[in-house]
1. State all residues of region 25-35 that are open to solvent by 50 Å² or more (accessible area, probe 1.4 Å) and at pLDDT 95 or above; if no residue qualifies, say none.
2. Being part of a helix (DSSP H, G or I) and surrounded by 17 or more Cβ atoms within 10 Å (Cβ to Cβ) is the filter here, so list the residues in region 70-90 that pass it.
3. Only one of Val170, Val147, Val164 is over 16 Å from Gly22 (Cβ atoms), aliphatic (A, V, I, L, M) and at pLDDT 95 or above; which?
4. Quick check: is even one residue across region 100-119 among the small types (Gly, Ala, Ser) and over 30 Å from Glu167 (Cα atoms)?
5. Report yes if some residue within region 1-21 is open to solvent by 30 Å² or more (accessible area, probe 1.4 Å), under 30 Å from Gly131 (Cβ atoms), touching a residue at least 12 places away in the same chain (Cβ under 8 Å) and outside any loop (DSSP other than H, G, I, E, B); otherwise report no.
6. Does region 57-80 hold any residues that are within 21 Å of Met29 (Cα to Cα) and in contact with a Lys or Arg (Cβ under 7 Å, 6 or more places away or on another chain), and which are they?
7. Taking Lys68 as the residue in question, decide whether it is among the basic types (Lys, Arg), on the phi > 0 side of the Ramachandran plot and touching a residue at least 12 places away in the same chain (Cβ under 8 Å).
8. Can you find, within region 168-187, the residue that is nearest to the chain's Cα centre (by Cα) among those that are among the charged types (D, E, K, R) and within 12 Å of Leu202 (Cβ to Cβ)?
Amino acid sequence: MEKNWSLLEELVKYTVPELCDGMETYRIMDWQIKPWVGRPRIAGYALTVEVPAGESGIVPDAICAAKKGDVIVIAGKGDCRLSYWGDHRSLCAGKQGAVGVIVDGAFRDLEGCEEEGFPVFARALTCRSAGKAKTGAIGVPVECGGVTVCPGDLIVADVNGICVLKEEEVPAILTRTRNKIRSQAYTRQEMERTGKVIPRILPVPEPEKQP
């Protein structure tokens, strides 16, 4: 799949809440899936991995399939009793050019993952390794964090949460996002100008038409 690099560069400028302000249909993963390695903001294309609960033997194959700009999305069914990811997988995924991993479940090797610096979003941290059965599928629609993620969907993730976007919707989302940001900036200016507290965001006035 051809990646739109300029689109990724644009998306990563905005926080997930700002993008949410531009969405008409929310596709937001469960709040329990958080960044564990650093405080990154990432934007990339979903490389989906369907795994049975407790099994991660197919994940190395997904890492081998990963390309620059991919976000590996592991649909681990929310199972946090064992880990679907660890420091060696972070090392390998980074070398493949992936920009991060999202795990609907747990990961391990926090110190090693921090050393690698590869962004890891997960529900929990644990020490037990998952099973190694090579069952599951790569590049299929999955349910991750309560959201359906299809191969090639756009993922934006930061400390606030994770959103899933359809590429064809992004131009309209960005337009609404930028409008909200402009309205917030205008409201701050009005507070400074008037000395009044304005808790509701004001719309930016339309420019006056010249006679």
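The values are calculated or read from the model by the stated rules, or taken from the named source; none is laboratory data. Fair warning: this is a prediction, and the values are worked out from it, not measured in the lab. So basically every Cβ, Gly included, is an ideal-geometry build from the backbone, and we count neighbours across all protein chains shown. Heavy atoms of the whole protein, side chains included, go into the accessibility calculation; ligands, DNA and RNA do not. Shrake-Rupley method; radii C 1.70, N 1.55, O 1.52, S 1.80 Å.
1. Matches in region 25-35: Ile28, Asp30, Trp31, Gln32, Lys34.
2. Answer for region 70-90, where residues must be part of a helix (DSSP H, G or I) and surrounded by 17 or more Cβ atoms within 10 Å (Cβ to Cβ): Asp87, Arg89, Ser90.
3. Val147
4. Scanning region 100-119, I find at least one residue that is among the small types (Gly, Ala, Ser) and over 30 Å from Glu167 (Cα atoms), so the answer is yes.
5. no
6. Val59, Gly69, Gly78, Cys80
7. no
8. Once the filter is applied, the top-ranked residue is Lys180.
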